[in-house]
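J.: Here you go, one structure.
A short reminder: the numbers here are calculations on the coordinates, not readings from a lab. Small disclaimer: the values here were computed from a predicted structure and weren't measured. Here the Cβ is made from the backbone with ideal geometry for all residues, glycine too, and neighbour counts use every protein chain on show.
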Amino acid sequence: SELIRGFLLSGMPCPSSCPTGLLALMAPGLALMATFSLPSQAGDRRALPVEKPPGVKGRTLILLDVNTKSPVRIISENFLSLQLDPSIIHDGWLDFLSCAGLHRRCGVAAAWRRWDGQKAFSLLGAVSVPEPRGRFGSSLLVLQYEFDIVRSDIALDKQKGCKIAQHPDIMLELQREKAAQMHLVLLKEQFSNTYSNLTLTARSLDKLYNFADCSGLHLIFALNALRRNPNNSWNSSNALSLLKYSASKKYNISWELGNEPNNYRTLIGRSVNGSQLGKDYTQLRSLLQLIRTYSRAHLYGPNIGRPRKNVIAFLEGFMKVAGGTVDAVTWQHYYIDGRVAKVTDFLKTRLLDTLSDQIRKIQKVVNTYTPGKKIWLEGVGTTSAGGMNNLSDSYAAGFLWLNTLGLLASQGIDVVVRHSFLDHGHNHLVDQNFNPLPDYWLSLLYKRLIGPKVLAIHVAGLQRKPRPGRVIRDKLRIYAHCTSYHNHNYVRGSITLYIINLHRSRKKIKLAGTLRDKIVHQYLLQPYGKDGLHSKSVQLNGQPLAMVDDGTLPELKPRPLRAGRTLVIPPLTMSFYVVKNVNALACRYR
């Protein structure tokens, strides 16, 4: 079996009847979502809290300024990336990847795409399959599979051209019924931690790569690390066959080895420590150098789980041996158990802040052994266990997602891979009718408006003092970036703010300093319909967002605010504000 991961670097729109179109629409000119704004001041500080002190009535006016002289961080142009779950092979969606709608929706913006998950451990196939590249802007697609080589399929040629497939409605309806049945099977496997095998053929690999290539995505393929020799070293025979096959097709792929290796004892009854995995990565690098096509290919890892004490020890062992072998260090993070989550969980600032501690732990280890090495969060979702319907796919989940983007960018994480674009659970960006969900629209706006340069903010306003031993957590979170260079609606030197208001009252912000008396464009996202925070639909500046047709995204119109006007942030909302014509020195040049 081979594990395959995929990242998309494209745009973001996608039709409702075909997954491919969504990727394609996100792509054009949208390689913008690479950065996120930084909390107040510089360095690793969080966005400053804005709280009314006890006894103070009325609304507090918050003064906001941004340091426009130089960025505090510069993130990858491919900062926002997506994951495509390997379950699409199991449930049949693989054959529908080439339809127009999905390609379009993948065109959200620059991003990496990853294909990953626990199911990756048990995929069996004919040949390792590379990841498709999509039009989510500049992006990567990461796939993870495990399989045995089936020689009868190796002679199949890669699909030629980028033709859009048209599937009759009856076929799509039958596929949805099949996928719904498989969803129950996959959930049962996930909860029992036992996985059935899948066959990944050369034909499947070709479909995947063709999808990625036609969508403008770069593929990252995670090889199976579970195939072990009697002495517990990695058995690379299957991987070598995959490398040779992919090279014969001239597939442009980057590579990984394994997925959450700290959990192998649970999966195969045999543990692999960090030092051993480091040796395995060194072995893989040697294999890549033997194959001309991949002699300079990028290699990423070790893709560990949540950095608890034992996982940190695992990472230290890996970095000692292979820290110089990988091009970026990767890990995963899921906030809460999707089986027990409640909508109020997404409003808890303590939960939002758990990621900051993990970032610092990872950075401490990486900087000890390889200072300056890039770090990727290569798998993140609001909830684990596939998520929960009407919760992890609702408007409320966006608070965690947007704050994740802001924290990662402000603390210097180079790339984040969102789980998932389309899968069997409820953490995805589009549903199985290929309709965009709230986090899709949030990601699309991010890619279109946010550039890779992170700016420091300065906030002034009344703040209550914490009691001894207590911490005041931020319910108003503000991040700032240079506006994306790819957005031709705004001249270079403009600045984009994005704001999360977790208060149950509106907040007023007055722009000061270099931002004073500038025209502002507002992009306010609110839930649409009677379901409130549980809603799977959103409105932008009061207008519902929906696909115009299978291949056409709606126009995302801003609401212009007159120069000098106070920003009024409604309760429990997320919003973007482009401050035009600031002529910020930090933002004039790429």
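J.: Given segment 449-590, what whole percent of its Cα pairs are spread farther than 17 Å?
T.: Numbers: 6578 of 10011 pairs.
Percent of Cα pairs beyond 17 Å in segment 449-590: 66.
J.: For LEU455, what residues show an amide H to amide H distance below 5 Å, using hydrogens built from the backbone and excluding near sequence neighbours?
T.: Those qualifying (amide H under 5 Å, at least 5 residues apart or on another chain) are LEU38, VAL72, ALA480, HIS481, CYS482.
J.: Which order, highest average first, do 542-555, 249-262 follow once you tally other Cβ atoms within 10 Å for each residue and take the mean per peptide?
T.: Details: 542-555: 15.9, 249-262: 24.5.
Packing order, densest peptide first, comes out as 249-262, 542-555.
J.: Further question: For each pair in LYS348/LYS557; LYS374/LYS453; LYS207/LYS536, compute the distance between the two Cα atoms and list the pairs where it is over 19 Å.
T.: Values: LYS348/LYS557 31 Å; LYS374/LYS453 16 Å; LYS207/LYS536 31 Å.
LYS348/LYS557; LYS207/LYS536, as the Cα separations exceed 19 Å there.
J.: Taking only the alpha-carbon positions of segment 218-365 and ignoring solvent, what does the Debye formula give for the base-10 log of I(q)/I(0) at q = 0.13, 0.15, 0.19 Å⁻¹?
T.: Here log10 of I(q) over I(0) equals -0.65, -0.81, -1.12.
J.: Under a 5 Å amide H to amide H cut-off, with H placed in plane at 1.01 Å, what residues pair with SER254 once short-range neighbours are removed?
T.: Correct list: LEU219, ILE220, PHE221.
J.: Each residue of segment 61-68 in turn: what ³J(HN,Hα) in whole Hz from Karplus with 6.51, -1.76, 1.60 and θ = phi - 60°, glycine and Pro shown as x?
T.: 8, 9, 9, 10, 9, 10, 6, 9
J.: Under the Karplus relation 6.51 cos²θ - 1.76 cosθ + 1.60, θ = phi - 60°, what is the ordered set of whole-Hz ³J(HN,Hα) values for segment 426-435, x standing for Gly and Pro?
T.: 10, 9, 7, 9, 10, 8, 7, 9, 6, 7
J.: If amide H atoms are built 1.01 Å from N in the plane of the peptide, which residues on other chains or at least 5 residues away come under 5 Å of the amide H of VAL538?
T.: Correct list: TYR528, LEU545.
J.: With no solvent and one equal point scatterer placed on each C-alpha of segment 299-348, evaluate the Debye formula and give log10 I(q)/I(0) for q = 0.25 Å⁻¹, two decimals.
T.: Scattering profile of segment 299-348, log10 relative to I(0): -0.90.
J.: Let me ask you something else. For segment 224-238, what does the Karplus curve 6.51 cos²θ - 1.76 cosθ + 1.60, with θ = phi - 60°, yield as ³J(HN,Hα) per residue in whole Hz, taken in order and with x for Gly and Pro?
T.: Once θ is set to phi - 60°, the couplings for segment 224-238 become 6, 9, 7, 7, 10, 7, x, 8, 6, 7, 6, 8, 9, 4, 5 Hz.
J.: If you don't mind, another one. Loop only by DSSP, 10 or fewer other Cβ within 10 Å of the Cβ. Give me the trypsin sites (Lys or Arg not before Pro) in segment 252-358 that pass, ordered by residue number.
T.: Those satisfying the criteria are ARG270, ARG296.
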